[in-house]
Amino acid sequence: MAKSSLMFWTIFVVAIVLPAVVLVMTLAVLTMQVLLILVRLGAKVSARSNLETHGKDISPIFSVRVAIHNEPPSLVNATLYALSKQEFPDDRVEIIVIDNNTTNPALWFPIERECCRLGAQFRFLRREGVIGAKAGALNTALDNTRSDATQIVPIDADYVVQPNFLADAACGLGRILSNFPKRIAARAISPKGWISNLKNTSALKLGWRDGAEAVLLTGTLCVISRSALLAVGGRGAPLPKMRN
């Protein structure tokens, strides 16, 4: 009798209870996914409405900075030329080139000359005795940022960005709960294998992370809120002590 009862309850649990539990859990997961989709759609509609309503009032002002140290002038100048071709209003962009402790004039002077040639958007700063390596140089640029800039955009010295980089960034800032993939143009002088790997990363991996709201911020070719950066004391600032 006991064995029959045990068999009955075993069959009952396996045949009825477990499927019911699985069904409830499946419905719960699907419900959460639907809610998440609705939240994202609502956020995008709201962001689009804000863009249409406020227009230029919420258009960002970018302060791009290129930190250099003993870089080949031809490499840096190619980066600066690409930045000069951005499809974004000139009066809403500044490009600061900060030279960090380069002692050889043959390396930094051609870059300063190129900044002068490219126009008023470009400013060349040269500093000696900078402490903190690249972070220190970027903090120097932060101290010299135009007063109305809203976003900080660090660019590595060897990055040749696409003309729509800043325009895409501006659109991305209007999307709540989202980031945007990094965009970079391949350079003909770069090794073929490196370009192939970079294209794979930019076109696939970063795109997938963008769709999952999980873009990895590596500190370059990104957009950072100026007010947030100032609030934490700039780059390389010591982290606040945690209370027990």
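Coordinate-derived values only; no laboratory data. These numbers were taken from a predicted model, which means no experiment stands behind them. Here the Cβ is made from the backbone with ideal geometry for all residues, glycine too, and neighbour counts use every protein chain on show.
Residues with amide H under 5 Å of ARG65's amide H, sequence separation 5 or more or different chain, H placed in the peptide plane at 1.01 Å from N; which?
ILE96, VAL153, ILE155
How high is the FRET efficiency between LEU35 and VAL232 when r is their beta carbon distance and R₀ equals 22 Å, given to the nearest 0.05?
Rounded to the nearest 0.05, the efficiency is 0.10.
What distance in nm separates the two pseudo spin-label positions at THR103 and SER74, each 7 Å out from Cα along the beta-carbon direction?
2.6
Given the Cα-Cα distance of ILE131 and ASP90 and 0.36 nm per residue of separation, how much length would full extension add, in nm?
11.6 nm
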